[in-house]
Amino acid sequence: MKNKYLFGGGIIVVFMAVMIYLFTQTNVQYESSFSKVMKEGKTVKATGSWIKEKNYEIDISNNIFSFYMKDPEGNVMKVIYHGTIPNNFESSTSLVVTGKFLKGDFHATDILTKCPSKYQDQPVQQTNS
Amino acid sequence: MLGNILLTLALMAGVFSVIMYFLTYKGYQNTLSLARIGFHSTAVLVIASSALLLYAILTHQYQYKYVYNYSGSDLPIGLLMSTFYAGQEGSFLLWTFWTSIFGLILLDYTSKRGDLEPRVMVTFSLVLSFLLVMVSPLLKSPFNFIWMEKDFIELKNINSAFLSLPALQGFIFSDQQSNKQFIQMGKELYATLTANNILLSDFIVQGKGLNPLLQNFWMQIHPPILFVGFAMSAVPFSFAFAAILKNEYRDWVKQAMPWVLAGTCVLGLAIMLGGYWAYGILGWGGYWGWDPVENSSLVPWLVGVASIHTILVQKKTQEKGGGSRFVKTNLILSIMTFVLVLYSTFLTRSGILGDASVHSFAEPGMAVYLFLIIFLLLFIVLGIGGIIYRWKFLTEHFSFEENVLSRELALFTGSVALIASSIIVLVGTSAPIFGTTVQTSFYNELNLPIAIIIGVLNGLSLMLKWKHTEGKQLWKQSQF
């Protein structure tokens, strides 16, 4: 019984210790407040939505896609992503961008778009026959 | 209507068979045949319901909300059939379907082995009953009609011949943002249509269609195989619990081994097929993206593979009347494989991972969330509680020393390495519950040393003998 616990327990203890350490090193918080994101400047997953009115820009030669995002408080942030515009970007209801705030812009390494799963809002007009 | 009736009857038959099997286990005389009738009825009703759903999909019966939401009239037949499991309701029904099929085989298998059948089937029918609650009209039935809740259907999906009817004009809206026209579906529209003798299946002529990302050959293969793996994971749990019920631990590993092997192989195959599929799709992270849904099927598989090796040791050490090694380990691992499958279901279906995964199903609502928690907690209490209850007996009768240079210990250490990996993946995957995520480097950096350890142990365990190996002989053998 003792050997089993020695070997087995040893592996578990060692790996759990390393795991806890690496967890603190690699964890990325979800952040919905841009004022925090802009102040702290560390890698986060910022959640918010695309500001349609400010449109977006695609720079093909440098492979840069940039747009503006806002958070629930109304803070605005420019997001720069080194990659292609996601397929369903224009119809997205909210976004999760991974990256950090540097020199006035948010540099994203990843964009996750969330789209409406069901038509939810009440439309305004009725059609006339 | 018929579908919901069949599923409700199946649930009732399922609960009936649980009770009958429990009474049989307790020693009542006439309940075994009743239990068998109950289980067979459950299985037949589930098969009938599944056939009905498939039929509704193939004949484009859009009066069913599920058929409207996930299928379309212009899909090729293979993909059309795969829409069966494209959404929550259908995928749970598929899991229920496989559980019923394997339950029938399990029933036959256990009936030929002494008093095994009631002890195993009581648990297995309980699992089946819980799954049936999930697909019942109360929760997530695929047979709910489209008019039962208010919804908006795009006019392009409606038969244009009916659109000019005066009675319908009050239901038509247009949306300024998207410039699309909709009709408001609900009880009122349904009443109006019925009053005008219009069948819903004639009225709605096109569905929302299958998500374009899923219109792929692998959609027809990967999910069904994955759900076989999930369905079979309940078998080792049932065998382990049967052993706990009888307080006898020698036979169950021999009886369960074919099932553990088959189930783990199928689950592993399904996971690898998923990786092969992901490799072909841009944005899915290559073969393996450490996505929460991918991870949550990996964790039970790792534990299942670990259990295969420790069960092998128990079987070997029991030969020729020897003592049984790793009895507690095998009970724990078999229980945990199924518990982790339930946990993975909870993680991926409750909406709790909302932001974190490309696999996210839509928000299922509070009732489903609570039910999944109850499902998970109940089986944790049964499984782990059972082990705790028998712990004193187990430690008194099954405590042995393993020699350092023995195959037993090498296999055990390998299993522990796999378990360490499963804990790591579990922790990383569950992090979003606490509002944080880990980067993929977390998984990669921790699993690499584990892979090395397993590699070393693989080679070593081939040279080590059972029980004891001479140090000198081992050293000689490991030279080139």
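Yes/no matrix, rows are residues, columns are (1) surrounded by 24 or more Cβ atoms within 10 Å (Cβ to Cβ); (2) in a helix (DSSP H, G or I); (3) out of contact with any strand residue (DSSP E or B) (no Cβ under 6 Å at 6 or more places or on another chain); (4) modelled with pLDDT under 95:
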position	(1), (2), (3), (4)
B:Phe237	yes, yes, yes, no
B:Ala243	yes, yes, yes, no
B:Ala256	yes, yes, yes, no
B:Leu261	no, yes, yes, no
B:Leu267	yes, yes, yes, no
B:Gly275	no, yes, yes, yes
B:Ala278	no, yes, yes, yes
B:Gly285	no, no, yes, yes
Per the filter on region B:428-470, residues free of Cβ contacts under 8 Å to residues at least 12 places away in the same chain, part of a helix (DSSP H, G or I) and buried (at least 17 other Cβ atoms within 10 Å of the Cβ) are B:Ala431
Looking at region A:88-104, which of its residues are exposed (fewer than 15 other Cβ atoms within 10 Å of the Cβ) and closer than 19 Å to A:Lys54 by Cα?
A:Asn88, A:Glu90, A:Ser91, A:Thr93, A:Gly104
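Of B:Gln184, B:Gln220, B:Gln176, B:Gln169, which residue is in contact with a Pro (Cβ under 8 Å, 6 or more places away or on another chain) and either at pLDDT 90 or above or within 14 Å of chain A (Cβ to nearest Cβ) (or both)?
On the way: B:Gln184 fails: in contact with a Pro (Cβ under 8 Å, 6 or more places away or on another chain); B:Gln220 fails: in contact with a Pro (Cβ under 8 Å, 6 or more places away or on another chain); B:Gln169 fails: in contact with a Pro (Cβ under 8 Å, 6 or more places away or on another chain).
Going through B:Gln184, B:Gln220, B:Gln176, B:Gln169 in turn, just one is in contact with a Pro (Cβ under 8 Å, 6 or more places away or on another chain) and either at pLDDT 90 or above or within 14 Å of chain A (Cβ to nearest Cβ) (or both): B:Gln176.
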Which members of region A:40-65 meet the condition of being in contact (Cβ under 8 Å) with a residue 40 or more places away in the chain and surrounded by fewer than 13 Cβ atoms within 10 Å (Cβ to Cβ)?
A:Gly41, A:Lys42
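Can you find, within region B:393-410, the residue that is farthest from the other protein chains (Cβ to nearest Cβ) among those that are surrounded by fewer than 22 Cβ atoms within 10 Å (Cβ to Cβ) and not in a loop (DSSP other than H, G, I, E, B)?
Within region B:393-410, the first condition is being surrounded by fewer than 22 Cβ atoms within 10 Å (Cβ to Cβ), and the residues that meet it are B:393-401, B:403-406.
After this cut, where a residue has to be not in a loop (DSSP other than H, G, I, E, B) as well, the list is B:393-397.
Values: B:Phe393: 16, B:Leu394: 12, B:Thr395: 9, B:Glu396: 12, B:His397: 13 Å.
If we take residues in region B:393-410 being surrounded by fewer than 22 Cβ atoms within 10 Å (Cβ to Cβ) and not in a loop (DSSP other than H, G, I, E, B), then B:Phe393 is farthest from the other protein chains (Cβ to nearest Cβ).
Farther than 30 Å from B:Gln473 by Cβ and either in contact with an Asp or Glu (Cβ under 9 Å, 6 or more places away or on another chain) or in the same structural domain as B:His309 (by TED's automatic domain parsing) (or both): is that true of B:Leu411 in this structure?
Details: farther than 30 Å from B:Gln473 by Cβ: no; either in contact with an Asp or Glu (Cβ under 9 Å, 6 or more places away or on another chain) or in the same structural domain as B:His309 (by TED's automatic domain parsing) (or both): yes.
No: the conditions fail for B:Leu411.
For region B:310-324, give me each residue that is part of a helix (DSSP H, G or I), in contact (Cβ under 8 Å) with a residue 12 or more places away in the chain and either outside the structural domain of B:Val416 (by TED's automatic domain parsing) or surrounded by fewer than 23 Cβ atoms within 10 Å (Cβ to Cβ) (or both). Steps first, please.
From region B:310-324, those part of a helix (DSSP H, G or I) are B:310-321; that's our starting set.
Remaining after also requiring in contact (Cβ under 8 Å) with a residue 12 or more places away in the chain: B:310-318.
Across region B:310-324, the qualifying residues are B:Leu312, B:Lys315, B:Lys316, B:Thr317, B:Gln318.
Looking at B:Ile308, B:Ile221, B:Ile271, B:Ile225, which one is within 30 Å of B:Gly114 (Cα to Cα) and not basic (Lys, Arg)? I'd like the intermediate steps shown before the answer.
Working: B:Ile221 fails: within 30 Å of B:Gly114 (Cα to Cα); B:Ile271 fails: within 30 Å of B:Gly114 (Cα to Cα); B:Ile225 fails: within 30 Å of B:Gly114 (Cα to Cα).
Criteria check complete, one pass: B:Ile308.
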Name the single residue, out of those in region A:1-49 being touching a strand residue (DSSP E or B) at 6+ places or on another chain (Cβ under 9 Å), aromatic (Phe, Trp, Tyr) and at the interface with chain B (Cβ under 7 Å from one of its Cβ atoms), that is farthest from B:Val404 (Cα to Cα).
A:Tyr30
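Counting only residues that are surrounded by 21 or more Cβ atoms within 10 Å (Cβ to Cβ) and either within 17 Å of the chain's Cα centre (by Cα) or among the aromatic types (Phe, Trp, Tyr) (or both), give me the strands (runs of 3 or more DSSP E) lying completely in region B:75-194 with at least 3 of them. Steps first, answer last, please.
Working: elements: B:151-154, B:172-175, B:180-185.
Once the strands (runs of 3 or more DSSP E) in region B:75-194 are filtered for at least 3 residues that are surrounded by 21 or more Cβ atoms within 10 Å (Cβ to Cβ) and either within 17 Å of the chain's Cα centre (by Cα) or among the aromatic types (Phe, Trp, Tyr) (or both), nothing remains.
The values are calculated or read from the model by the stated rules, or taken from the named source; none is laboratory data. Every value quoted in this text rests on a predicted model; they were computed, and no experiment measured them. Note: ideal-geometry Cβ built from the backbone for every residue, glycine included; neighbour counts use all protein chains shown.
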